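Input: a single structure, listed below in structure tokens.
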Amino acid sequence: MAYLIDRRLQGKNKSAGNRERFLRRYKSQIKDAVARAIKGRSITEVEKGEKVSIPVKDINEPTFGHAHGGVWETVRPGNREYQKGDQIQRPKGGNGAGKGKAGNSEEITEDDFVFELSREEFMNYFFEDLELPNLVKTQLASITDFKQQRAGYTISGTPTNIHVLRSMRGAIGRRIAVGAKSRKRLKEAEAEMNELLKTCFEDDHRIVALRKEIHHLRAKLAGVPFLDPIDLRYSNRIKVPKPSTQAVMFCVMDVSGSMDQAKKDAAKRFFILLYLFLERAYEKIEVVFIRHHTQATEVDENDFFNSRESGGTVVSSALHLLNKIINERYARGDWNVYVAQASDGDNWDNDSVTCRELLISKIMPLVQYYAYVEITDGEPQNLWHEYTQIPDIHPHFAMQKIESPADIYPVFRELFKKQPK
């Protein structure tokens with residue numbers, strides 16, 4: 001039987017095979033560490049790696065121990081108390097009554113084993129329960145512009161795009177290649193005729209034949225065109241996709257009393273996915289956080305996810321604030337505006353109608369894409385029923401329902417899948 005051992009090194013002389021086995025063996029501890037890291041990490045920093053600590057007690061390996069019964073002969077180097085032949089009394093079994101003194105500190109400490117996850121490993125563990133091991137390799141739909149870019153030369157085009165230097169270079173090369181054989185023979189014939197003229201008369205049949213041949217070769221070389229249509233080269237320009245340089249991502253979340261921590265965590269993962277998607281399509285991204293209950297406020301990321309303020313639900317307050325911010329900061333036309341709204345769908349009945357009208361008339365014409373996710377394991381709420389009327393008017397409005405964390409990535413993929421041309 002043959003055994004294949006993978007000894008490929010992975011940075012700082014670490015074995016890739018050993019690292020993979022270690023990650024598989026302590027998968028549960030690493031997932032817990034990644035979950036803890038995500039809770040305290042910013043959305044814009046989620047793609048970075050992470051230093052993971054695992055308690056030493058969790059990585060202890062099983063060992064075989066030998067009981068110290070019977071008579072043992074041992075050598076103690078540096079012994080000053082006993083001589084050879086002395087008998088030592090067997091130590092008595094402990095009853096748990098230690099004589100050591102307790103420390104003054106009440107803090108419980110333990111030595112942890114610390115190692116660092118790479119960016120790819122961290123993302124794989126983070127998205128594992130979303131059934132997405134390769135998010136960073138997934139191509140999603142992107143909004144792109146096109147620009148003209150030079151792409152070498154072509155043999156056809158408009159006269160204004162003729163590249164004179166390249167055309168003349170091709171013409172010279174063609175004339176050299178076409179006339180090389182005739183030019184060589186012409187040189188040889190002229191040399192032969194000069195030698196014959198030294199010893200023969202000009203009416204010699206050999207000299208006459210050489211003169212005819214020389215005349216024919218010179219005419220043939222003169223007939224090679226200086227510039228032929230095949231020599232013409234034109235500057236070639238093609239359209240290449242150019243990502244828009246900047247985008248703004250609005251995160252709108254309901255923080256009313258019905259939105260518990262589990263729903264907020266699901267919303268955070270959805271926002272993270274959207275940020276990762278936009279980061280691959282745009283060079284500059286700004287993130288704006290809007291949280292609302294009966295009133296809406298713009299907050300920073302920490303307050304957005306961790307503030308304990310809650311109350312009733314008036315979704316239109318968030319949409320009014322969203323419309324105001326877009327018009328004041330991002331209405332110049334050089335920003336791609338994306339909005340992600342997360343809610344459990346609960347809202348005042350009359351306010352849901354207001355939300356629908358506000359989106360149709362004011363907000364949707366200003367945004368590139370609007371994604372609404374309703375996080376609930378029950379029946380759709382009244383806000384959902386009102387929002388179902390928007391996609392018929394504005395196709396760039398999309399909505400999906402999330403019931404469990406495993407639904408987050410499939411829902412995200414459905415919202416941002418490539419549209420048929």
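Scanning the stretch 245-300 for residues that are among the aliphatic types (A, V, I, L, M) and either assigned to a strand (DSSP E or B) or at positive phi (or both) turns up ALA247, VAL248, MET249, VAL252, MET253, ILE285, VAL287, VAL288, ILE290, ALA296, VAL299.
Cβ-Cβ distances below 9 Å connect the following pairs, each with a first residue in the stretch 394-412 that is closer than 16 Å to THR376 by Cβ, a second residue that is of a type in the set (Lys, Arg) and outside any helix (DSSP H, G or I), and a separation of six or more residues or different chains: ASP407/LYS401; VAL411/LYS401.
Within the stretch 223-234, does at least one residue satisfy the condition of being under 39 Å from the mean Cα position of the chain (by Cα) and assigned to a strand (DSSP E or B)?
Looking for residues that are under 39 Å from the mean Cα position of the chain (by Cα) and assigned to a strand (DSSP E or B), one finds at least one in the stretch 223-234, hence yes.
Might you let me know whether the stretch 146-169 holds any residue that is at pLDDT 55 or above, in contact with a strand residue (DSSP E or B) (Cβ under 7 Å, 6 or more places away or on another chain) and under 30 Å from ILE408 (Cα atoms)? For the stretch 146-169, residues at pLDDT 55 or above, in contact with a strand residue (DSSP E or B) (Cβ under 7 Å, 6 or more places away or on another chain) and under 30 Å from ILE408 (Cα atoms): absent.
The one condition from (1) of a type outside the set (Phe, Trp, Tyr); (2) assigned to a loop (DSSP other than H, G, I, E, B); (3) modelled with pLDDT under 70 that MET123 does not meet is (2). Between MET399, MET364, the distinction of being farther than 16 Å from ILE272 by Cα, in contact with a His (Cβ under 7 Å, 6 or more places away or on another chain), among the hydrophobic types (A, V, I, L, M, F, W, C) and not in a loop (DSSP other than H, G, I, E, B) belongs to MET364 only. Looking across the stretch 319-338, just one residue is out of contact with any helix residue (DSSP H, G or I) (no Cβ under 7 Å at 6 or more places or on another chain) and either among the β-branched types (Val, Ile, Thr) or under 24 Å from PRO405 (Cβ atoms) (or both), and that is ILE325.
Quick check on the stretch 325-342. Is at least one of its residues in a helix (DSSP H, G or I) and over 27 Å from ALA247 (Cα atoms)? Among the residues of the stretch 325-342, not one is in a helix (DSSP H, G or I) and over 27 Å from ALA247 (Cα atoms), which makes the answer no.
When VAL373, VAL314 are checked against the criterion of being more than 31 Å from the chain's Cα centre (by Cα) and in the same structural domain as PHE271 (by TED's automatic domain parsing), VAL314 stands alone in meeting it. The set of residues from the stretch 279-303 being under 25 Å from the mean Cα position of the chain (by Cα) and modelled with pLDDT of 75 or more comprises LYS284, ILE285, GLU286, VAL287, VAL288, PHE289, ASP300, GLU301, ASN302. Considering the conditions (1) of a type outside the set (A, V, I, L, M, F, W, C); (2) in a loop (DSSP other than H, G, I, E, B); (3) more than 22 Å from GLN389 (Cα to Cα), ASP303 is excluded by exactly one of them, (2).
The values are calculated or read from the model by the stated rules, or taken from the named source; none is laboratory data. The model shown is predicted, which means the values in this text are computed figures rather than measured ones. All Cβ positions, even for glycine, are placed from backbone atoms using ideal geometry, and neighbour counts span all protein chains on display.
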